[in-house]
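The values are calculated or read from the model by the stated rules, or taken from the named source; none is laboratory data. Predicted, not measured: the structure shown is a model, and the values here were computed from it. Glycine gets a Cβ as well: all are built from the backbone with ideal geometry, and neighbour counts include every protein chain shown. Only protein heavy atoms, including side chains, enter the accessible area calculation; ligands, DNA and RNA are left aside. Shrake-Rupley method; radii C 1.70, N 1.55, O 1.52, S 1.80 Å.
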Amino acid sequence: MIDKVKNGEADRLLNKIRYVARSCKELKEKYKVHDDGLYYLTTTNGILYEAFCDMTTAGGGWTLVASVHENNLYGKCTLGDRWSSQQGDNPNLPEGDGTWSNKVTFGSPEAATSDDYKNPGYYDITAEDVSVWHVRNNAEMEKWIANSILRYHTETSFLTLQGGNLYQLFKRYPVRYNAGACNTGKGPTVPIMYDLGNAESTANLYGPNARGEFTAGFIAFRVFNYENATSAICSGISPTGCHTEHYCVGGGGHFPQHPPSQCGDFSAFDWNGYGTHIEWSASRDMIESAILLFYR
C-alpha cells in the first residue's frame, strides 16, 4: 500500500514536470496547456520551481511571480515587511531589504495570500506585461478569483522597454530613499485594462483624501512623497500628488515623516486608523488583501 502511494505521488510529480518551459505563456503556446493551476517551470540556469499559472484571463499565459501581503500593519518595517524593510526605519539603510531589485526568493504559491511570496520567475522570466490581482487574505488558491476585489492587466508591452521584468525595472529605478523627489525621477506609468472593477471602484479602495491625489486606471512604479521616501508600486492608479505613502506599496528603508509611522509594505495605509476608510486611511478591503503580481 505504501509503495502504491509513493508511486502515485511520483506519477503526479512527473505529470507536473513533463513540460520544460520558462513561463506559463510558453506552457500555453508550446504544450497547449489551458487549465489554471500549479506547474513546474525552469529557469535559465536549470532551477526547477513551482508556480501558479492563470491560463484564462485575457488569453491566459500569466505566471504568478510575487505577492505583497501585509501581515501586521501595526509593525512598521519589522519582521514580515519583506518588500520594504525588516530592519526598522533606518536612514542608513535607504533601500531597506532591497527586495524589488535582488534575487532573494521566499514563500510558496499556495500561500501567496497568507504571506509574502517571490519566486525565481520574478527575475528570470522575460515578459511584456503584468497582471495584478488584489485577493482577500488567506483565500485558498482555488478561490482566488471569487475572493478578488480588483483584477487588471496591462497590454502595452511596457516591460520590453524596462529589461523584461520588474527586477530589471527596479534596477533602473531603485526603490531607495532620497533617490528622487515627488513628481521627478518616477518610473513608468502604464494604462490598465480591468478584469474586475473599474476606475471608480479602484479609487474607492483608498482613503477619501487620497482620491484627490491620483487618477485611477493605471499602474505606476517607483514614486516619491514630499519627504523623498519612495514606494515601489501604485496599484490601479497614477499619482498626481505627493502623499504617496497612503496609496502606494513597498518602499525603501526610511520614511522621514513621523518615523516609523509611515514605514512598511503598506506604509501609511492606516494613517487615520486601521481600515477606517476616512481621510488618508485605506479601506479594510484594501488593507486585508494581498497583491498578486503576474507576468506574461
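Pick out the one residue from 106, 52 that is in contact (Cβ under 8 Å) with a residue 60 or more places away in the chain and not charged (D, E, K, R).
Exactly one of 106, 52 is in contact (Cβ under 8 Å) with a residue 60 or more places away in the chain and not charged (D, E, K, R), namely 52.
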Expected single match for open to solvent by less than 10 Å² (accessible area, probe 1.4 Å) and on the phi > 0 side of the Ramachandran plot among 273, 264 is 264
Quick one: is residue 58 open to solvent by less than 10 Å² (accessible area, probe 1.4 Å), over 30 Å from residue 254 (Cβ atoms) and either modelled with pLDDT of 95 or more or part of a strand (DSSP E or B) (or both)? no
So, residue 15, is that one under 24 Å from the mean Cα position of the chain (by Cα), at pLDDT below 95 and closer than 22 Å to residue 108 by Cβ or not? no
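Could you check how many residues of the stretch 146-174 are in a loop (DSSP other than H, G, I, E, B), touching a residue at least 12 places away in the same chain (Cβ under 8 Å) and open to solvent by 10 Å² or more (accessible area, probe 1.4 Å)? Reasoning before the result, please.
We begin by selecting, within the stretch 146-174, every residue in a loop (DSSP other than H, G, I, E, B); these are 146-147, 154-157, 162-165, 173-174.
Within this subset, residues satisfying the condition of being touching a residue at least 12 places away in the same chain (Cβ under 8 Å) are 147, 154-157, 162, 164-165, 173-174.
From what is left, the residues that are open to solvent by 10 Å² or more (accessible area, probe 1.4 Å) are 147, 155-157, 162, 173-174.
Matching residues across the stretch 146-174 total 7.
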Check whether at least one residue in the stretch 236-255 is open to solvent by 10 Å² or more (accessible area, probe 1.4 Å), in contact (Cβ under 8 Å) with a residue 60 or more places away in the chain and either closer than 27 Å to residue 154 by Cβ or over 14 Å from the mean Cα position of the chain (by Cα) (or both), and report yes or no. yes
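Kindly establish whether residue 217 is open to solvent by 20 Å² or more (accessible area, probe 1.4 Å), without any contact (Cβ under 8 Å) to a residue 60 or more places away in the chain and out of contact with any Ser or Thr (no Cβ under 7 Å at 6 or more places or on another chain).
Details: open to solvent by 20 Å² or more (accessible area, probe 1.4 Å): no; without any contact (Cβ under 8 Å) to a residue 60 or more places away in the chain: yes; out of contact with any Ser or Thr (no Cβ under 7 Å at 6 or more places or on another chain): yes.
No: the conditions fail for residue 217.
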